[in-house]
Amino acid sequence: MTEATALRDTAAPGSGLALHRNVALAMLFVVGTINFVDRQLLAMLIEPIRADIALSDTQFGLLTGLAFALFYAGMGVPVAILADRWNRVRLIGIACILWSGFTAACGLVSNFWQLALMRFGVGAGEAGGTAPSVSVLADYYPPDRRPVAMALFTCNGPFGVFVGAAFGAWAAAAIGWRNAFLVIGAVGILVGPLLIWLVHEPARGQMDQSANDDPVPFARALGLFRERRSLMLVLPATAFAAFVSYGMLNWIPAYLMRVQAMPLAAMGTWFAPVAGITFAAGTLGGGWLVARLSQRSPRAYGRVPAIATAILIPSLIAALTIDGWPAALALMIVPLTACTFYIAPSLALVQNLTPPRARATATAILMLMFNIVGLGFGPLFVGFVSDMLKPDHGIESLRWGLMALIPFAVAACAVQIAMMRHLDRDFAA
């Protein structure tokens, strides 16, 4: 019996490993949720912030996208290299305290440049979140269970969107946007030390047969993407998909309020649960379907996201061409669900095709594309198009800014389909 098999067999309910993995998944989920609440809060509070600080749509796109993503992605690789060599749990806890401090400081700013500087700090801190967390979970779950584990973990995104939207809508009316940032920042500062105290650092590679525990140089980790075509293609596939999903996520709240005249109170009552449920359904659905279908063929890692993206394209067009916020929000359910199907399969694919000591680094390389192209330029692109069209179309320009995401969804679907033909060979290798 191999060590990996023995560990899997002892992971029964009530066993030490099962308890440790459940605590780890729960706490990393909480930390990841705080990560996304910090991001969604700015998107929800943009209209109240604009009442105090003059911001154009392009500037808002910079704040929610590129200003955050440059530091998030830029710090991601060196932090991930450190995570492959140092205690990952401590690194995540310290990072949570750091980014939460900058989140709280967002409530103290008085102009665009101060807010941008605080977002730089949030981005730099959050670089220590996702990649090390995914690496920790890969050492708690065997390969066949990783797609579901990654789906459960990445549901922190949908849940964070729900909490951020609901809390932001309430806070705007009850305590003001400045106090909203201070409250969320304080929560993260408390959770960081709690994570370090409760979560055990797992042995690297304990769930993989014949795992080599030697550190992998960055050049070698990068070389894995050149050697395995499916890993190479998952980079642009994820980048294009993230471009669309973050463009939607960061701008749909403003679109519903500005173009469809949705009241702020209705955002908390209706948009928050719709966003949370649909994003969770897409994230869990993608991981669950790939976990089941990949048992028959690894091509599921490309096929499931491709089908979801193909569904997103016409459904988003339909949602953007109807008037009236109730109907628009109802039609948004399908594209909001479909736009997150790619996340869990992409993360699980990278974990399953890279060695344990390269997983955080490989995930950071994936997140580099995800964040620079997707998070960095998706919201910025929508805001830029909206500003360009505003002289001729007024508030309707934001509708066309979101519509401009469609060609990028087509590109994501094409790359996801192209990736499928390399998956059999790469998994066999």
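From the list 315, 297, the one residue that fits, being surrounded by fewer than 22 Cβ atoms within 10 Å (Cβ to Cβ) and closer than 19 Å to residue 425 by Cβ, is 297.
For the residues 186, 237, the requirement of being open to solvent by less than 70 Å² (accessible area, probe 1.4 Å), of a type outside the set (Ser, Thr, Tyr), at pLDDT 85 or above and closer than 26 Å to residue 359 by Cβ singles out 237. Scanning region 161-183 for residues that are open to solvent by less than 10 Å² (accessible area, probe 1.4 Å) and modelled with pLDDT of 85 or more returns 180, 181.
Please verify whether region 15-29 includes one or more residues that are among the small types (Gly, Ala, Ser), modelled with pLDDT under 75, open to solvent by 20 Å² or more (accessible area, probe 1.4 Å) and out of contact with any helix residue (DSSP H, G or I) (no Cβ under 6 Å at 6 or more places or on another chain).
First, pick out the residues of region 15-29 that are among the small types (Gly, Ala, Ser): 15-16, 18, 24, 26.
Restricting the remaining residues to those that are modelled with pLDDT under 75 gives 15-16.
Filter again for open to solvent by 20 Å² or more (accessible area, probe 1.4 Å), leaving 15-16.
Narrowing further to those that are out of contact with any helix residue (DSSP H, G or I) (no Cβ under 6 Å at 6 or more places or on another chain): 15-16.
For region 15-29, residues among the small types (Gly, Ala, Ser), modelled with pLDDT under 75, open to solvent by 20 Å² or more (accessible area, probe 1.4 Å) and out of contact with any helix residue (DSSP H, G or I) (no Cβ under 6 Å at 6 or more places or on another chain): present.
Checking each residue in region 380-420 for being open to solvent by 60 Å² or more (accessible area, probe 1.4 Å) and of a type in the set (Lys, Arg) picks out only 390. Before we move on, is residue 330 farther than 30 Å from residue 141 by Cα and either more than 20 Å from the chain's Cα centre (by Cα) or open to solvent by 20 Å² or more (accessible area, probe 1.4 Å) (or both)? So residue 330 passes the test. One residue stands out in region 124-145 among those that are modelled with pLDDT under 80 and buried (at least 24 other Cβ atoms within 10 Å of the Cβ): the one that is nearest to residue 280 (Cα to Cα), namely 130. Against the list (1) touching a Lys or Arg at 6+ places or on another chain (Cβ under 7 Å); (2) at pLDDT 75 or above; (3) not acidic (Asp, Glu), the condition residue 50 fails is (1).
Name the single residue that is surrounded by the most Cβ atoms within 10 Å (Cβ to Cβ) among those in region 95-123 being within 22 Å of the chain's Cα centre (by Cα) and free of Cβ contacts under 8 Å to residues at least 24 places away in the same chain. Here the residue is 118.
The values are calculated or read from the model by the stated rules, or taken from the named source; none is laboratory data. Fair warning: this is a prediction, and the values are worked out from it, not measured in the lab. No Cβ is skipped: glycine too gets one built from the backbone with ideal geometry, and neighbour counts run over all protein chains shown. Remember, those area values only see protein heavy atoms, side chains included, never the ligands or the DNA or RNA. Shrake-Rupley method; radii C 1.70, N 1.55, O 1.52, S 1.80 Å.
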